[in-house]
C-alpha cells in the first residue's frame, strides 16, 4: 500500500483567488477526510473588524518585502495537531509554510497585540469545523458589482456552497450566510480553559479579540 502524500502543497487543494471563505470550506473538508482529524480539532477563523479593515503581512497579494495588505476580511483554518499537541494555521494565501505553527503565524503575519495596529480593532470569529461545514452557504452575491452585476473577481469553477443545515431564525439572505460570519460588532465572553466547548456549541462560533485568540491557540 502506498503512503499517502503529506498535505502541504497548494496544488492539493481547491483554490480560487478572492474566495477565501470557499477555499477554507473545501480545505476543512479535505483535512477531515484525509488526515483523520476530528472536526472538533478543526476551526474556521474569519479575520475582520467593525470597520472592515484588517491589516496583515505575508500575503501573496501583498506589497513590499513583507507582503503587507489590508483586507476587508480574510478566512483561514486552524487545526489541532494531536500528535505534536500544538495548533497549525492553514492559510492558502500566505507566503509562509503550509501549514504554519500558530505561534509563528501570529507573530509574523498577524502581528498580534502590536500597539501600532490597535486602532484597527481587529477581531476574529472562531467557528468549529463541524459547525462551519454544516451551516455555511454562499451564492457569491457579494462578488457581484453593484449596478451591472459583473463579477469583481472570476468565480470558482465548482458549484456555490449550500448549507446542509441552514441557520434557523437568522437574519440573512436565503442561501447566503456569509454576512452573519462577518458581523463582529459584539465581542463574546469566552470561558477559559473550556473555550473549545463554547465554540462548538455556538452555530456561528464566537467573536474574540487579539489577546483572546492568542490564549485560545497558544
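The values are calculated or read from the model by the stated rules, or taken from the named source; none is laboratory data. Bear in mind the structure is a predicted one, so any value in this text is a computation, not a measurement. Positions of Cβ are generated from backbone atoms using ideal geometry, with glycine treated the same way; all protein chains shown enter the neighbour counts.
Summary of computed values
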quantity: Candidates 34, 84, filtered to the one that is closer than 16 Å to residue 133 by Cα and not in a strand (DSSP E or B); calculated: 34
quantity: Enumeration of residues in segment 53-69 that are without any contact (Cβ under 8 Å) to a residue 60 or more places away in the chain, surrounded by 14 or more Cβ atoms within 10 Å (Cβ to Cβ) and part of a strand (DSSP E or B); calculated: 56, 59, 68, 69
quantity: Among the candidates 207, 190, 184, residue that is assigned to a loop (DSSP other than H, G, I, E, B) and within 17 Å of residue 48 (Cα to Cα); calculated: 184
quantity: Any chance residue 96 is buried (at least 21 other Cβ atoms within 10 Å of the Cβ) and closer than 24 Å to residue 8 by Cβ; calculated: no
quantity: Some residue of segment 97-105 being assigned to a helix (DSSP H, G or I) and either in contact with a strand residue (DSSP E or B) (Cβ under 6 Å, 6 or more places away or on another chain) or within 22 Å of residue 204 (Cα to Cα) (or both); calculated: yes
quantity: Qualifying positions in segment 136-148 - at pLDDT below 95 and either at positive phi or surrounded by 12 or more Cβ atoms within 10 Å (Cβ to Cβ) (or both); calculated: 147
quantity: Segment 1-21 - residue that is assigned to a loop (DSSP other than H, G, I, E, B) and at pLDDT 90 or above and, of those, surrounded by the most Cβ atoms within 10 Å (Cβ to Cβ); calculated: 19
quantity: Residue 214 vs. criteria surrounded by fewer than 20 Cβ atoms within 10 Å (Cβ to Cβ), under 19 Å from residue 45 (Cβ atoms), touching a residue at least 24 places away in the same chain (Cβ under 8 Å) and touching a helix residue (DSSP H, G or I) at 6+ places or on another chain (Cβ under 8 Å); calculated: yes
quantity: All positions within segment 188-200 that are touching a strand residue (DSSP E or B) at 6+ places or on another chain (Cβ under 9 Å) and loosely packed, with under 11 Cβ neighbours inside 10 Å; calculated: 189
quantity: Residue 89 in contact with a helix residue (DSSP H, G or I) (Cβ under 6 Å, 6 or more places away or on another chain) and closer than 23 Å to residue 177 by Cα; calculated: no
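Matching residues to (1) under 18 Å from residue 217 (Cα atoms); (2) not in a helix (DSSP H, G or I):
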position: 23; (1), (2): no, no
position: 28; (1), (2): yes, no
position: 47; (1), (2): yes, yes
position: 51; (1), (2): no, yes
